[in-house]
Amino acid sequence: MDRRTSPARALCTAIATAVAIAGCALPAPAPTTGAGLPPQQPTQPPPAPAAPPPPKLVGSSWYWLGTLTPAGLVAPADPGAFNVEFLDGGQLAAQLDCNSGGATWTQSGASLTIGPVRSTRKACPLASEADRFGRQLPLVRAAKLGNGLLELSLGEAGAMVMARDPDWRLRSFDCPNGVAPLLVAFGRDQAVLRWRGEAWQMKQQTSASGTRYNAGNAILFSKGNEASLVNEGKQVAGPCVARR
């Protein structure tokens, strides 16, 4: 230090130098969390799956496989005797076993309304479900298409299940040990299984005994009035017995 520099001047010089150095210092590092990692930015939740488009019913024809009611499944012996055809112009043609009839219908998105059914008055066999079918159609409130089947919601009264092919059959199997029942719609070479809120569209496969249907890790075995479900190599339901 120059001897001619006073102590006061030397102190001022030191302070000015320190301030200049501080002005060039690097910014403080960002705070860290956990094991020295920067804080994670909040992630956006995945978008909700898009709702399936409403079915386009005009020009389509469907056969009644049965109705799921709070008391259980009600199914006709011959689905080919019960049919609805959604005609253009809001007209519905219906086959009610030995009778034919018609009604009006309107659709707005998934919402569906069917008017009172007017039909011929032939006396069908006593075991016919013609009257039930005709009473249920005006109760329809909505339509949903999935796995090739059309489901017509009746609100709290249940749901009608319909298929394009009259060869389909809808069956419900009661399972032991309090296991939820199996609901199966059988087609020519396929089956649609509903169980515990899940649905599988299955293909028929060769089997040494009975009939086997497969979809991924799920396998349905059916023989006579019995059915069993195997999922991921473990039998989860069965043997279950058909109600009718």
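The values are calculated or read from the model by the stated rules, or taken from the named source; none is laboratory data. These figures come from a predicted structure and were not determined experimentally. Methodologically, a virtual Cβ is constructed for each residue, glycine included, from the backbone with ideal geometry; neighbour enumeration extends over all protein chains shown. These area figures cover heavy atoms from the full protein model, side chains too; ligands, DNA and RNA do not enter into them. Shrake-Rupley method; radii C 1.70, N 1.55, O 1.52, S 1.80 Å.
Points to keep in mind about this one:
- Once the Cα-Cα distance is subtracted from the 0.36 nm per residue extended length, the ALA127 to ASP174 segment shows a gain of 14.6 nm.
- Once you reduce the stretch 171-230 and the stretch 78-150 to the center of their Cα atoms, the two points are 28 Å from each other.
- Solvent-accessible area, 1.4 Å probe, carbon plus sulfur percent, for the stretch 65-173: 51
- Net charge dipole, the stretch 166-244: roughly 140 debye, given to the nearest 20, about the Cα centre with Cβ charges of +1 for Lys and Arg and -1 for Asp and Glu.
- Exceedance of the 26 Å cut-off in Cα-Cα distance is limited, within the set LYS56/LYS223; LYS144/LYS223; LYS203/LYS234, to LYS56/LYS223; LYS144/LYS223.
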